[in-house]
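Engineer: Let me give you the structure first, and then I'll get to my questions.
The values are calculated or read from the model by the stated rules, or taken from the named source; none is laboratory data. As the structure is a computational prediction, the values presented were derived from the model and not from experiment. Reconstructed Cβ throughout: ideal geometry from the backbone, glycine too, with neighbour counts over all protein chains shown.
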């Protein structure tokens, strides 16, 4: 188990669905940062289920408490303990599914690794594990904003199934624009179609995947730690550590492989007070270091594994079984994944900024 | 700068184009592993340029020397020092290009980060940096084979520009099959077209990108360290740390986002002596832990930034310039990237295997 | 701030005197270890103040709660969250002392480092910080006992001021024997004198230091990670990280520097079923690796800095002041330090055991 | 095996007596530091044997080569590779001693840990392992001097057996003063007696231990990373990782345990432009953070285990044997240990300085 992320801005998370609480310790957050629970709660609230008809109806309140590390609204430089109670544990809800490993869940692999079966099946593969990340990320983001002024990190749903939003990289998307539609796609027309598709999948007891795009503006040039902790490498690790993420691409990504070097190269142009690039196929990084352009990346999220339809699968004892999930399930987790993606991005950027070596 | 990879099987690399040598220290390789230079050299030779008309003609010999850590052909458990001399340094070759930052190279970002300009421009973003990785990866691979019997790690070129090889995931591709074509695509027909496309790009002083697919067989179930060092997260970090890589996807990846849960779920079936999955959209991992199925992932490599065509760009002083690279350049690095991808994969898998916690 | 200890058995602590709680996350504890709060509470209770007339009278209950990582009394392999509430915060108690930095406390250095003054003065230099360590250590110790059978870790007070207990290295001291005297020195005669000396120091509003000896039996040979994480090096780091510790010596330690090699060398003898040493001047380690003999080390603890006597010192503004601490204070922290020393020792040994590399 | 030290200024060493070379990679050294081999060689030369009649006569040249990381005499910010050839390997010299584990060497423990016997017996417990540390430390020291102006790190022999130098903490000892006597004790009278004692031990085929004192001046207040990487904790780890070191004490150390708090507390006084302390029983650190006073610590070094006298011991097969070392041996390693202690100190201080968190 590896539950710590970061070298200087270090987040260690704990908790699964059925314990007393979930949370995190943030160690290495600089002192004198103004910080209260009110800085953390909004992203937690964006993450929690039960926000709309599109998501799972369980109403988890997810109220965060700062246990240590601040006094009079300022960080002390000491570890910040964060905790969110597990109020609605309902361990019996999952019992039937536990009897046999659920397809494309982590029940089987956790059992193979740890030799024990948690009542939730997949232990820390539960979505509740991400609460600690979101809380920690909110602190990292606060620090980035205080440290660098205009840093912004905004993710949005760029596709659901085969419904693809138009390219919005040129617009300055805000979180308000993202939250203006239920599906968190800032393009209203596409959002409408996405919502219809999700509702249809829900009615058919099925689930949908899609992609998220994340854009970071205002992060200065010169940050990132080649060669193994290149900015894009840490972003990729951070993203693939989020449940259900199956792909990551930065800048031109996979589409860029079909371009020629003469098209793809980002030639330099003079921008206000700094050297910038005319295009941004690099996605804001070159050689693992930020170049001052927006950092733009996209991730792939698989269709949720928990579906209401019966599935013909095999139990641990080798016998064929029909598995049928009860209750209502989230047919599409993309809208709720947005604050998680933003949080992990903030953790990567804050750590890269703090790791920047002393310059003579 | 972060030049160490791994928690227990730890590789630290050093060296850039213009120093005396490049290499690595491998710390944490178990004792009593049979190991000589002959185990390492083949992958280094696959990596080096000048192997064919398709790659850069510089003939670097890249002969590895083991400096420490073995005796009488066995590892001692102590750090293994590896060194490859830089014989063909030719520092003046790059001078002209250094005067202004080359588009989509790391010249500019290294300068922003370190405040100093190495004669090669981008310091450790040079392809020679990967020699230490390939050498270390060969040792990791040797250990995996001795430890787990049938482990195999094979990467191949699955697309060049818009030329896409048929899906080969069902075949047991070998390195011999991969090396049977100049372009290292095991499908002969596609390979022929790829070679023609690369030759044309070379003649037009341009460059091409593409994708590599990597398949690991025989890696046991139960390995990987959730939540931040999930197997797919470490693979993603490892891949995005390789120069020119812009994307990573595992299993169904981005294409899987257009599937429904009912199609995408990998239901369990009884396989010889173990529980397996009928399909492998998960790509061999669930919840960050291997499930015993082949680990399959794909990476995107951008078209090489160094091209012979003149480029209209801007110098550090803000003046517009035409930049023209001299000499011959590699129009497509994909074939040479294969041993690097295999090496980084081996480093991830060996570390995951060693990190597996004690089980009662 | 660096609040994480260990490579595979990793403890991250949080909390200071005036927040909501203190505690720890233990990441990497193997799965299927039987564990409840009852395994942790005894050492916490041994650590807490108010146990006798010799220690500070504040009655902190220090009741631990497991927040995550176990189910039905077994560890899951996932992070174990631990929390102990701060019930008796009394922030105003320290106000006067905060106006000027207390001599030989960390008030001044924390202010220099973090640029902020916590209401307790020295932030994490508070003794309450050690609660997380003691709780985590109890888990490590439980695992060691289950894993290796007869492992025992026992510390005792071996000197207070110039009152020195006779050498007890040959006896199998138990915790019961240690706790049989108020001062936790298992030699009754010396204990009596120590208690008298401490009571006298208390009456004179002064404080005393001393030494603790720790003996670990049953830890197998071959564990420890040269060269930088040698067993004695990690023990030394662990001990010097405890508040008020100013020295560490293993085996013959400083006294051994006055011996000759011919006296000091531990020659080998045949012991029941294994090779042992006739003497144990090495203290159970050679070259950073355990040799199967008892691991024996001693630490120096300075006299408590908080004293009731007035002290002539200087304020941050450079003016001379007389500082006088109010309330009652602990005249000698050695008895309470014992579970902390045992805990840090257990963390070092458990990590060394888990880090042992795979052996063919 | 753990061969990396440091969090941001990271040194990874490699090599044992019988390989091709020994050396290190320094990763994280800031860019633009003026650096050539001439900055490193002096400390290596102070470390090497054969410097006087007091030390072992093997004349190892120990010439260092910078393999990477610098250009035109400036560091690039990239990893600095360092190598020193093993010219005088003489593997057969040790053969007889290898047949049975040498008392108080690491032959036995390395065998227990790694299951293999290196021809030198104790693998990395060889003194040659320290070459990489000394080279790396010279770079750290250079950076500290450039970064903070007047930083100085000077160690000296403060006792040999029961011959103890007078307290020199008040004098500004220089390396020149230290090197002015063969035994590297700056007090001429004591040095004379020490030399006589060492010569006598040599003639009697025996060996002596002793203590080293190290004083660091000019290191600013506010550096160090509580709680687990407190400055004194990292110094203790660093020192106990050096071969033959059995103890560490900082400031008043073990002697301070016999003082009362009223004597031991370092009250504050106004010094030129800053708050200082009247006494320095704390040894320059409080709560794990430097306070601006000299950092003063002392280490215990055991008498060398290799002696010319016959020793009655036991072989791996359990049979009693008489072990007799041939050739000439170093009767006292203290003088040679000085550059190693200075190097490890520099590595600790440079890392602490770089880790200092961003301050608003």
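Engineer: Check whether at least one residue in the range D:176-190 is under 27 Å from residue C:263 (Cβ atoms), touching a strand residue (DSSP E or B) at 6+ places or on another chain (Cβ under 8 Å) and surrounded by fewer than 22 Cβ atoms within 10 Å (Cβ to Cβ), and report yes or no.
Structural biologist: Yes, there is a match, as at least one residue in the range D:176-190 is under 27 Å from residue C:263 (Cβ atoms), touching a strand residue (DSSP E or B) at 6+ places or on another chain (Cβ under 8 Å) and surrounded by fewer than 22 Cβ atoms within 10 Å (Cβ to Cβ).
Engineer: Please tell me if residue B:301 is buried (at least 24 other Cβ atoms within 10 Å of the Cβ), under 30 Å from residue A:279 (Cβ atoms), within 7 Å of chain A (Cβ to nearest Cβ) and at pLDDT 95 or above.
Structural biologist: yes
Engineer: Got a number for residues in the range A:115-143 being surrounded by fewer than 24 Cβ atoms within 10 Å (Cβ to Cβ), over 30 Å from residue C:75 (Cβ atoms) and out of contact with any strand residue (DSSP E or B) (no Cβ under 7 Å at 6 or more places or on another chain)?
Structural biologist: Residues in the range A:115-143 being surrounded by fewer than 24 Cβ atoms within 10 Å (Cβ to Cβ), over 30 Å from residue C:75 (Cβ atoms) and out of contact with any strand residue (DSSP E or B) (no Cβ under 7 Å at 6 or more places or on another chain): 1 in total.
Engineer: Looking at the structure I just gave you, is residue C:147 in a helix (DSSP H, G or I) and under 26 Å from residue C:346 (Cβ atoms)?
Structural biologist: When the stated conditions are applied, residue C:147 passes them.
Engineer: Which condition from (1) under 24 Å from residue A:278 (Cα atoms); (2) not in a strand (DSSP E or B) is the one that residue B:344 breaks?
Structural biologist: That leaves (1) as the condition not met.
Engineer: Still on this structure, I have one more. Exactly one condition in (1) within 21 Å of residue A:330 (Cβ to Cβ); (2) without any contact (Cβ under 8 Å) to a residue 40 or more places away in the chain is false for residue A:158; which is it?
Structural biologist: Among (1) within 21 Å of residue A:330 (Cβ to Cβ); (2) without any contact (Cβ under 8 Å) to a residue 40 or more places away in the chain, the lone unmet condition for residue A:158 is (2).
Engineer: Would the range A:18-29 turn up any residue that is at pLDDT below 95, within 20 Å of the chain's Cα centre (by Cα) and either closer than 19 Å to residue A:347 by Cβ or not in a loop (DSSP other than H, G, I, E, B) (or both)?
Structural biologist: no
Engineer: Count, please, the residues in the range C:70-84 that happen to be more than 12 Å from residue A:23 (Cα to Cα), facing chain A (nearest Cβ under 8 Å) and not in a strand (DSSP E or B).
Structural biologist: Count: 3.
Engineer: If a residue must be more than 9 Å from chain D (Cβ to nearest Cβ) and in contact (Cβ under 8 Å) with a residue 40 or more places away in the chain, how many such residues does the range C:195-207 contain?
Structural biologist: Residues that pass the stated criteria total 4.
Engineer: Mind checking whether some residue in the range C:316-339 is in a helix (DSSP H, G or I), in contact (Cβ under 8 Å) with a residue 24 or more places away in the chain and closer than 16 Å to residue C:235 by Cβ?
Structural biologist: Looking through the range C:316-339, at least one residue is in a helix (DSSP H, G or I), in contact (Cβ under 8 Å) with a residue 24 or more places away in the chain and closer than 16 Å to residue C:235 by Cβ.
Engineer: Answer yes or no as to whether residue B:190 is touching a helix residue (DSSP H, G or I) at 6+ places or on another chain (Cβ under 9 Å), modelled with pLDDT of 95 or more, away from every other protein chain (no Cβ under 13 Å) and not in a strand (DSSP E or B).
Structural biologist: No; evaluated as a whole, the condition is false for this residue.
Engineer: For the range C:36-59, indicate whether the set of residues that are in a strand (DSSP E or B), surrounded by fewer than 22 Cβ atoms within 10 Å (Cβ to Cβ) and modelled with pLDDT of 95 or more is non-empty.
Structural biologist: no
Residues are listed down the side, and each one gets a yes or a no for (1) within 11 Å of another protein chain (Cβ to nearest Cβ); (2) in contact with a helix residue (DSSP H, G or I) (Cβ under 7 Å, 6 or more places away or on another chain):
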| residue | (1), (2) |
| --- | --- |
| B:106 | yes, yes |
| B:111 | yes, no |
| B:116 | yes, no |
| B:119 | yes, yes |
| B:128 | yes, no |
| B:132 | yes, no |
| B:140 | no, yes |
| B:149 | no, no |
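Engineer: Testing residue B:171 on (1) at the interface with another protein chain (Cβ under 7 Å from one of its Cβ atoms); (2) more than 30 Å from residue B:309 (Cα to Cα), one condition comes back false. Which one is that?
Structural biologist: (1)
Engineer: Moving on. Is the range B:248-260 home to any residue that is more than 7 Å from chain A (Cβ to nearest Cβ) and either modelled with pLDDT under 95 or over 28 Å from residue A:198 (Cα atoms) (or both)?
Structural biologist: No, every residue in the range B:248-260 fails to be more than 7 Å from chain A (Cβ to nearest Cβ) and either modelled with pLDDT under 95 or over 28 Å from residue A:198 (Cα atoms) (or both).
Engineer: For residues that are touching a helix residue (DSSP H, G or I) at 6+ places or on another chain (Cβ under 6 Å) and assigned to a strand (DSSP E or B), scanning just the range D:155-172, find the one that is surrounded by the fewest Cβ atoms within 10 Å (Cβ to Cβ).
Structural biologist: Within the range D:155-172, the match that is surrounded by the fewest Cβ atoms within 10 Å (Cβ to Cβ) is D:163.
Engineer: Also: Scan the range D:302-312 and give yes if some residue there is touching a residue at least 12 places away in the same chain (Cβ under 8 Å), out of contact with any helix residue (DSSP H, G or I) (no Cβ under 9 Å at 6 or more places or on another chain) and outside any strand (DSSP E or B), otherwise no.
Structural biologist: Taking every residue of the range D:302-312 in turn, at least one turns out to be touching a residue at least 12 places away in the same chain (Cβ under 8 Å), out of contact with any helix residue (DSSP H, G or I) (no Cβ under 9 Å at 6 or more places or on another chain) and outside any strand (DSSP E or B).
Engineer: Something else now. Counting just the residues of the range A:277-292 that are more than 7 Å from every other protein chain (Cβ to nearest Cβ), at negative phi and more than 22 Å from the chain's Cα centre (by Cα), which one comes out surrounded by the fewest Cβ atoms within 10 Å (Cβ to Cβ)?
Structural biologist: That would be A:278.
Engineer: From the list D:219, D:248, D:254, D:268, which one is surrounded by 21 or more Cβ atoms within 10 Å (Cβ to Cβ), in contact with a helix residue (DSSP H, G or I) (Cβ under 9 Å, 6 or more places away or on another chain) and under 22 Å from residue C:249 (Cα atoms)?
Structural biologist: D:248
Here is a yes/no grid of residues against (1) in contact with a strand residue (DSSP E or B) (Cβ under 8 Å, 6 or more places away or on another chain); (2) farther than 30 Å from residue B:331 by Cα:
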| residue | (1), (2) |
| --- | --- |
| A:248 | yes, no |
| A:274 | no, yes |
| A:298 | yes, no |
| A:306 | no, yes |
| A:320 | yes, yes |
| A:333 | yes, yes |
| A:340 | no, yes |
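Engineer: On the basis of being surrounded by fewer than 23 Cβ atoms within 10 Å (Cβ to Cβ), in contact with a strand residue (DSSP E or B) (Cβ under 7 Å, 6 or more places away or on another chain) and within 13 Å of another protein chain (Cβ to nearest Cβ), does residue A:236 make the cut?
Structural biologist: no
Engineer: Next question, about the same structure. Need the failing condition index for residue D:273 against (1) surrounded by fewer than 21 Cβ atoms within 10 Å (Cβ to Cβ); (2) modelled with pLDDT of 95 or more, just the number.
Structural biologist: Residue D:273 satisfies every listed condition except (2).
Engineer: Among the residues of the range A:28-42, what is the count of those that are more than 16 Å from residue A:65 (Cα to Cα) and either at the interface with chain C (Cβ under 8 Å from one of its Cβ atoms) or free of Cβ contacts under 8 Å to residues at least 60 places away in the same chain (or both)?
Structural biologist: Going through the range A:28-42 one residue at a time, the tally reaches 3.
Engineer: May I ask you to list the residues in the range B:80-101 that are modelled with pLDDT of 95 or more and touching a helix residue (DSSP H, G or I) at 6+ places or on another chain (Cβ under 8 Å)?
Structural biologist: Passing the criteria: B:80, B:82, B:84.
Engineer: Just to be sure I understand, how many residues within the range D:208-259 are part of a loop (DSSP other than H, G, I, E, B) and in contact (Cβ under 8 Å) with a residue 12 or more places away in the chain?
Structural biologist: Final tally of qualifying residues: 17.
Engineer: Here's a follow-up. Checking residue B:12 against (1) at pLDDT 95 or above; (2) under 19 Å from the mean Cα position of the chain (by Cα); (3) in a loop (DSSP other than H, G, I, E, B), only one condition comes out false. Which one?
Structural biologist: (3)
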